[in-house]
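Student: Let me begin by handing over the structure; questions about it come next.
The values are calculated or read from the model by the stated rules, or taken from the named source; none is laboratory data. All values reported here derive from a predicted model rather than from experimental measurement. All Cβ positions, glycine included, derive from the backbone under ideal geometry; neighbour counts span all protein chains shown.
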Amino acid sequence: MTPPPIIVTNALLFALSGLVALVVVPWYGLTHGYDLWQWLSFLVLFCFSGISITAGYHRLWSHKAYKAHPALQWLFAAGGALALQNSALHWSSDHRRHHRHVDDNEQDPYSAGRGFWYSHIGWMLREYQGERYRDYSNVRDLQNNPVVAFQHRHYLVLTLAANLGLPLLLGVLHGDLLGMLLLAGVLRMVMTHHTTFFINSLAHIWGSQPFTDRNSARDNGILAFFTFGEGYHNFHHLFENDYRNGIRWWQFDPTKWLIKAAAWCGLARDLRACPDERIELARLEMQLKRAQARLRKQDDRELWQALLQEEFDKLSQQLQHYYASRKRLLEQRKRTALAHYDRLRLQLEYRALQDAFIASKRSWSRLLAGIA
C-alpha cells in the first residue's frame, strides 16, 4: 500500500528545527556562551507558549472547561501562535476528534495504537487525515468565537511575528541577535513542540490507570512536571471537561492554578469540576476490576468474589450517603436562616457518615491487600 504524501512544510520544520536545536544551539553555547538574560527569555517564552496551549487551546477551547475574559483569550491566542502548533481552531478540531475516537487507528488523528512514533510526530508528517484535515464541523462553536476566528485567519502572520519577530527583537535589545534567536527562538520552539507531543505519545504508554482502562491514557507525574500539569492524562480522558488535570493539592498542575487565579481576578468564570463522588467511584471501580482479575488465579475465587462484591457494594453505598450529606451541609452554610438545631443535626449526621465512609475504605483496603 502506497503511504500518503509527505507534508513537506511540516517535515522540513521539524527536521531543520530539531537539527539546529541538537547541533547549532550547543555549538554556539560552547563557542560564545549564553547569559542569564537569554536563558530567562527562553524560560519565559517557553512557559508562555506552553501555558497558552494547555490553558487556552486545550482546556478552554477544546473542552470548554471554563469561560475566559476576552483579554485572556487574546493572550492565549498570541501564545498559541508562538507555540507553532497550528491555529486554535485546527488544534481543537483534532483534539476533539482524538477524544471522541481515542485509540481508533482510523478515526483518532494521533492514535497511540499505531505506535509511539506515529502518535508523537508521525501523524503530522504525512497526509494521513485526508479530507478530515480541514473538516471543522466539530468546532462550529469556535468558528463563532471572534478571537479564535481572527487567529485562524491570520495565523501565518501571527506565527511569523511571534517566532521570528519576537526573538529578533529581544536579540536586538540584548545585543546578541543569533544567540537569542537560537535559544529563545529555535530551542524554545522545539521544547514546546515535544513536551506537548509527549502527551499524545508517552502519556498513552507510560504511567498508571487509576480511573479507567477503557483507553490507553495514563497518569504520569513526571510528564505533568514538563507539560504544565497535562500528565494526569488518565483522569483527563475520563473527566475531559474538568478544568483540572491534577485533582490532589500536591499534584503539579500549574495550568489549574492559573485558571483558578484568573477566576479570583475576574478573568475566568464557570469553572467546571467533576463531582468528587464520581471521581472516587471511578477509582473504586478500577480497584474492584483489578482485584477481580487477580482472583482468577486463586482456587477459592468464588468465595473471595462474593466477599469482594459485598464489600464494594457496602463501600459504594457509604460513599453515596457521605457525599449526599456533605452536599446538604455545604448548602445549609449558605442559608443564614437555618435554625441552630437543624444546623447541628446536619453537622452530626455528616461526621457520622464521614466516619463510616472512612471505616469502609479501610476495610476495603485490607481486603484488597489480602487478595494481593
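Student: Being of a type in the set (S, T, N, Q) and at pLDDT 90 or above, is that true of even one residue in segment 278-294?
Tutor: yes
Student: List, please: which pairs have Cβ atoms under 9 Å, are six or more places apart or on different chains, and start with a residue in segment 220-235 that is closer than 21 Å to residue 278 by Cβ and in the same structural domain as residue 56 (by TED's automatic domain parsing) and end with one that is in a loop (DSSP other than H, G, I, E, B) and among the β-branched types (Val, Ile, Thr)?
Tutor: Taking only residues 6 or more apart or on different chains, the pairs are 232/247; 234/212; 235/212; 235/247.
Student: Within segment 221-252, count every residue that is touching a Cys at 6+ places or on another chain (Cβ under 6 Å) and more than 12 Å from residue 211 (Cα to Cα).
Tutor: Total satisfying the criteria: 1.
Student: Filter segment 85-136 down to residues that are surrounded by fewer than 19 Cβ atoms within 10 Å (Cβ to Cβ) and over 16 Å from residue 200 (Cβ atoms), then give me how many there are.
Tutor: Number satisfying all stated conditions: 9.
Student: Something else about it: Condition first: assigned to a helix (DSSP H, G or I), in the same structural domain as residue 73 (by TED's automatic domain parsing), closer than 15 Å to residue 82 by Cβ and at pLDDT 95 or above. Can you find one or more residues in segment 171-181 that meet it?
Tutor: Within segment 171-181, one or more residues are assigned to a helix (DSSP H, G or I), in the same structural domain as residue 73 (by TED's automatic domain parsing), closer than 15 Å to residue 82 by Cβ and at pLDDT 95 or above.
Student: Give segment 287-325 a look and list any residue that's in a helix (DSSP H, G or I) and either assigned by TED's automatic domain parsing to the domain that holds residue 212 or among the acidic types (Asp, Glu) (or both), or say none.
Tutor: Result: 302, 310, 311, 313.
Student: List every residue pair whose Cβ atoms lie under 8 Å apart, where the two residues are 6 or more positions apart in sequence or sit on different chains, the first residue falls within segment 206-217 and is free of Cβ contacts under 8 Å to residues at least 24 places away in the same chain, and the second residue, located anywhere, is in a loop (DSSP other than H, G, I, E, B) and not acidic (Asp, Glu).
Tutor: Within 8 Å, the pairs are 206/218; 206/220.
Student: Do you know which residues across segment 187-245 are small (Gly, Ala, Ser) and assigned to a loop (DSSP other than H, G, I, E, B)?
Tutor: 201, 207, 216, 217, 229, 231
Student: Among the residues that make up segment 5-25, is at least one of them assigned to a loop (DSSP other than H, G, I, E, B), farther than 28 Å from residue 264 by Cα and free of Cβ contacts under 8 Å to residues at least 60 places away in the same chain?
Tutor: No: zero hits.
Student: Kindly list the number of the only condition in (1) out of contact with any strand residue (DSSP E or B) (no Cβ under 8 Å at 6 or more places or on another chain); (2) of a type outside the set (D, E, K, R); (3) over 19 Å from residue 56 (Cα atoms) that fails for residue 125.
Tutor: Against the list (1) out of contact with any strand residue (DSSP E or B) (no Cβ under 8 Å at 6 or more places or on another chain); (2) of a type outside the set (D, E, K, R); (3) over 19 Å from residue 56 (Cα atoms), residue 125 comes up short only on (1).
Student: For residue 296, all conditions in the list (1) surrounded by 14 or more Cβ atoms within 10 Å (Cβ to Cβ); (2) more than 30 Å from residue 356 (Cα to Cα); (3) among the charged types (D, E, K, R) hold save one; what is the number of the exception?
Tutor: Only one criterion in (1) surrounded by 14 or more Cβ atoms within 10 Å (Cβ to Cβ); (2) more than 30 Å from residue 356 (Cα to Cα); (3) among the charged types (D, E, K, R) is unmet by residue 296, namely (1).
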